[in-house]
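Q: This is the structure, below, for whatever I ask next.
Read-outs throughout are calculated quantities, based only on the coordinates presented, and are distinct from any laboratory measurement. Values in this document were obtained by computation on a predicted structure and should not be read as measured data. Cβ placement follows ideal geometry from the backbone for every residue including glycine, while neighbour counts extend to all protein chains displayed.
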Amino acid sequence: AYESAGRLTEAITLYEQTLTDCIRILGEDHPNTLTLRNNLAGAYESAGRLTEAITLYEQTLTDCIRILGEDHPNTLTLRNNLAGAYESAGRLTEAITLYEQTLTDRTRILSEDHPDTLASRNNLAGAYESAGRLTEAITLYEQTLTDCIRILGEDHPNTLTLRNNLAGAYESAGRLTEAITLYEQTLTDCIRVLGPDHPDTLASRNNLARVYKDAGFPKKATVLLEGTTPTEG
């Protein structure tokens, strides 16, 4: 709860204390101990302590594989989290390799349509984008968005996130007309589904304003940043 509220110092202190007690009471190899180590690594990552996060993720993943097996859902989650930490640290080659491996295994174990598999595809597309592999990123985002709409529905938060991510990839590729169309649609739906003050709605508004500015529509960007919808400007 502290972590979700952005109170990372308190979250890390409590995670560390609880992990120490978990090891003492339950042992190094207990599933709850592994979960706590994953949580602490995530808090380190959120606080920008990437070296500590990566070290703890790597150690925990090794233990998860040994105790739970390669195919256990917790092992897959840890590999995904480690890949995310590599990506945050700019270690994109390692991140992409691990994302690709995790996607292959999630597809095999959980199926093509499982929400975790869709999340893996989104994560891999994001890593491709960060590495400048825009054609691969856009193709994967487009495929995943189609499947997200089919499986989760047009209004699911994950669908909205994927549409925003695809719009960002279009923007990175200089396809500004497509980016604007998708950002506009996503903002409209975010306002309707999540409300005008939701963090994702505010982020969507900011993204659209940025691409308006880049596309040569500074007045639209200004009006949007002042808090109105695209149709009002």
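Q: Going by a ≥ b ≥ c, the root eigenvalues of the Cα gyration tensor, does the range 1-61 fall in the rounded group (a/c under 1.5), the prolate group (a/b larger than b/c) or the oblate group?
A: Note, shape of the range 1-61 comes out oblate.
Q: Here's something else I'd like to know. May I ask for the angle, rounded to the nearest 10°, between helix 199-214 and the longest principal axis of the chain, with both axes built from Cα atoms and the value confined to 0 to 90°?
A: Around 50 degrees separate the two axes.
Q: Further question on the same structure: Is there a quick way to get the dipole size of the chain? I mean about its Cα centre, with the Cβ of Lys and Arg at +1 and of Asp and Glu at -1; what is the value in debye to the nearest 20?
A: Values: 20 positive and 34 negative charges, 104 e Å.
Roughly 500 debye for the chain.
Q: Quick one: helix 115-130 against the long Cα principal axis of the chain, what's the angle to the nearest 10°, folded into 0 to 90?
A: 70 degrees
Q: While we're looking at this one, here's another question. Once you sort the root eigenvalues of the Cα gyration tensor of the range 87-171 as a ≥ b ≥ c, which label holds: rounded (a/c under 1.5), prolate (a/b larger than b/c) or oblate (the other case)? If you can, show how the numbers build up before the last one.
A: Numbers: a/c = 2.11, a/b = 1.18, b/c = 1.78.
Judged from the Cα gyration tensor, the range 87-171 comes out oblate (a/c at least 1.5, b/c at or above a/b).
Q: Further question on the same structure: Return a whole-number percent for the relative contact order of the range 67-164, with Cα pairs under 8 Å and 6 or more residues apart as the contact set. If you can, show how the numbers build up before the last one.
A: Values: 94 pairs, mean separation 17.5, N = 98.
Relative contact order of the range 67-164: 18 percent.
Q: Then there is this: With springs only between Cα atoms under 10 Å, which of ARG91, ARG192, ARG37 fluctuates most in a Gaussian network model of the chain?
A: Looking only at ARG91, ARG192, ARG37, the biggest GNM fluctuation is shown by ARG192.
Q: Next up: So what's the angle, to the nearest 10 degrees on a 0 to 90 scale, between helix 73-88 and the longest Cα principal axis of the chain?
A: With both axes taken from Cα atoms, the answer is about 60 degrees.
Q: Whole angstrom only: what separates the Cα centroid of the range 86-139 from the Cα centroid of the range 17-85?
A: Rounded to whole Å, the Cα centres lie 20 Å apart.
Q: Moving on to the next point. Express the relative contact order of the range 92-146 as a whole percentage, based on alpha carbon pairs under 8 Å and six or more residues apart in sequence. Present the calculation step by step, with values, prior to reporting the outcome.
A: On the way: 45 pairs, mean separation 17.0, N = 55.
31 percent.
Q: Would you mind classifying the range 185-224 by shape? Square roots of the alpha carbon gyration tensor eigenvalues, ordered a ≥ b ≥ c; an a/c under 1.5 is rounded, otherwise it is prolate if a/b is larger than b/c and oblate if not. All intermediate terms of the calculation are to be shown ahead of the outcome.
A: Numbers: a/c = 2.63, a/b = 2.42, b/c = 1.08.
Note, shape of the range 185-224 comes out prolate.
Q: Can you give the helix-only mean residue ellipticity at 222 nm for the chain, where every DSSP H stretch with n ≥ 4 adds -39500 (n - 2.57) and the sum goes over all residues, rounded to the nearest 500 deg cm²/dmol? Could the numbers behind the result be given before it?
A: Working: 11 runs with 183 residues, N = 233.
-26000 deg cm²/dmol, from helical runs alone.
Q: Taking the Cα centre of the range 106-233 as origin, sum charge times position over the Cβ atoms of Lys and Arg (+1) and Asp and Glu (-1), and report the length of that vector in debye to the nearest 20.
A: On the way: 13 positive and 18 negative charges, 56 e Å.
I would put it at about 260 debye.
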